[in-house]
Amino acid sequence: MSDQQLQQGPIHAIHVELGATFAPFGGWEMPVSYAGTVAEHTAVRENVGLFDVSHLGKALVAGPDAAKFVNSTLTNDLSKIGPGKAQYTLCCTESGGVVDDLIVYYVSDDELFLVPNAANTAAVVAALAKVAPAGVTVTDQHRDHAVFAVQGPKSADILTGLGLPTEIEYMAFVDAEWNGVPVRVCRSGYSGERGFELLPRWADADPLFRALVSAVQAVGGQVAGLGARDTLRTEMGYPLHGHELSTSISPLQARCGWAVGWKKPEFWGRDALLAEKESGPARRLWGLRALDRGVLRQDQTVLRDGERVGVTTSGTFSPTLKVGIALALIDSAAGLSAGDEVAVDVRGRSLRAELVVPPFVEDHTK
């Protein structure tokens, strides 16, 4: 997709004002950084960071027993939650691959709000619409809502200062108002820190984001871009579709089996995933922590005693740990376990690393 075809979010002008650098991501022109990725990453871990992730998809599934319908398609079990709760889930192929991972907001038995990844929204909407029962509609609302993430130890202080609710359980949401306009507030995020995601209407995004910027900067926090979002999620071992999840990488391989309702009688890919669970996945996602100086990247070969045992799916320098880290799919037949040493081929140089069960850092989300 050329730069001329890249889509822009509702507050692109604010990112320009803030001096953001931009890059294409999922068909959108996204802010990568403002003050620098390390500074923004550190702000989230120690203070507070503000992200504009309005590129994420949005879709509405509505009609009689909409929840029952969606529960028969996506992997996780919606019967475990109810109105006012959100759930991480997966849209799989019949062969067990992952079309997308997404968040489902359970508004009522007859209304679900979905937040898929930007590049996969159309595919998820089309798959659901194709099999939706009479009376149930699946509507792409990609440009109806913005999404802002306030993440970090001081995130609740920021929302409280703006009169928004914060006494919310993890993965629960409330529909609130700010300056007379509706905004959905969810206790969720993609950073590993305590945080919130705000969903105002697309048309109302500008004034809310400006207020958030002022509040975050007033306490020494940072507006953060895609660079910090990636280093934060890699430290947590969170999968990114197209890297740790894809139509050729199953939930079990990506350590996302916890997001599968194994006892449900029906969901897309159920038979294939049950068979894989029974036999054990042929490969599995591991963390790699560099023992030598160097930065790990995606698509690097992982070796054990000179034999190929896997490939990296994501890699970066960890601003928290001050070492190179990566996520990698490792062959189960290699028989490796946590603490084992492997080598990563970094442009012809062998870099030593140890296997780690993600996350690399402590989880503060809850």
Cβ pairs under 8 Å, 6+ apart, first in the stretch 233-245 and closer than 16 Å to residue 259 by Cβ and outside any helix (DSSP H, G or I), second open to solvent by 10 Å² or more (accessible area, probe 1.4 Å) and of a type in the set (Asp, Glu): 239/101; 240/230; 241/101; 245/101
Where a residue in the stretch 309-320 is more than 14 Å from residue 253 (Cα to Cα) and touching a residue at least 40 places away in the same chain (Cβ under 8 Å) and its partner, wherever it lies, is assigned to a strand (DSSP E or B) and open to solvent by 20 Å² or more (accessible area, probe 1.4 Å), with Cβ under 8 Å and at least six apart: 317/323
Cβ pairs under 9 Å, 6+ apart, first in the stretch 70-90 and on the phi > 0 side of the Ramachandran plot, second small (Gly, Ala, Ser) and not in a loop (DSSP other than H, G, I, E, B): 84/172
Qualifying residue in the stretch 87-102 (condition: more than 22 Å from residue 250 (Cβ to Cβ), more than 14 Å from the chain's Cα centre (by Cα) and assigned to a strand (DSSP E or B)): no
Residues that are of a type outside the set (Ser, Thr, Tyr) and either open to solvent by 40 Å² or more (accessible area, probe 1.4 Å) or in contact with an Asp or Glu (Cβ under 8 Å, 6 or more places away or on another chain) (or both), drawn from the stretch 13-22: 13, 14, 15, 16, 17, 18, 19, 22
Selected residue (criterion: surrounded by the fewest Cβ atoms within 10 Å (Cβ to Cβ)) from residues of the stretch 149-166 that are touching a strand residue (DSSP E or B) at 6+ places or on another chain (Cβ under 9 Å) and assigned to a loop (DSSP other than H, G, I, E, B): 163
Verdict on residue 215 being open to solvent by 20 Å² or more (accessible area, probe 1.4 Å) and within 22 Å of residue 36 (Cα to Cα): yes
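The values are calculated or read from the model by the stated rules, or taken from the named source; none is laboratory data. Note that the coordinates shown come from a computational prediction; the quantities given were computed from them, not determined experimentally. Counting neighbours? That spans all protein chains shown, and the Cβs are built from the backbone with ideal geometry, glycine included. Note: accessible area is taken over every heavy atom of the protein model, side chains too, but ligands, DNA and RNA are not part of it. Shrake-Rupley method; radii C 1.70, N 1.55, O 1.52, S 1.80 Å.
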